[in-house]
Amino acid sequence: MPATAAVAALARLPGTAGSSCPALPSQDRAALQDLVSLSPDLVQPHAPTLDRAQATAEKVSGTRV
């Protein structure tokens, strides 16, 4: 999965409030950083949302989570 597609998928996960900033590539374009906020009405436990986010990020080749 391309990194940009993973970022878009993260923002659509249940329990998230969407991407709160555009994804930023590193200077050498070897890395991508994004911030995805948790929904303010998310109740405990957060673990399922975080597990889904980690699983999505791990679909990108070379990703370290």
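The values are calculated or read from the model by the stated rules, or taken from the named source; none is laboratory data. If you're wondering where the values come from, they're calculated on a predicted model, not measured in any experiment. No Cβ is skipped: glycine too gets one built from the backbone with ideal geometry, and neighbour counts run over all protein chains shown. With ligands, DNA and RNA removed, areas are computed over all heavy atoms of the protein, side chains included. Shrake-Rupley method; radii C 1.70, N 1.55, O 1.52, S 1.80 Å.
In table form, for the structure just shown:
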{"read-out": "Highest to lowest packing among 26-34, 54-62, scored as the average C-beta count within 10 Å", "value": "54-62, 26-34"}
{"read-out": "Computed helical MRE - 222 nm, the chain, DSSP H runs ≥ 4 contributing -39500 (n - 2.57), nearest 500", "value": "-9000 deg cm²/dmol"}
{"read-out": "Vicinal HN-Hα couplings computed from phi for segment 8-15 (Karplus, 6.51 cos²θ - 1.76 cosθ + 1.60; Hz; Gly/Pro x)", "value": "5, 5, 4, 5, 9, 5, x, x"}
{"read-out": "Cut-off under 5 Å, modelled amide H: who pairs with LEU38 long-range", "value": "ALA17"}
{"read-out": "Cα-based helix-to-principal-axis angle, 47-57 vs the chain, degrees rounded to 10", "value": "20 degrees"}
{"read-out": "Share of carbon and sulfur in the accessible heavy-atom surface of the chain [1.4 Å probe, %]", "value": "57 percent"}
{"read-out": "Rough spin-label spacing in nm, given labels placed 7 Å along Cα→Cβ, for ALA5 and LEU35", "value": "2.8 nm"}
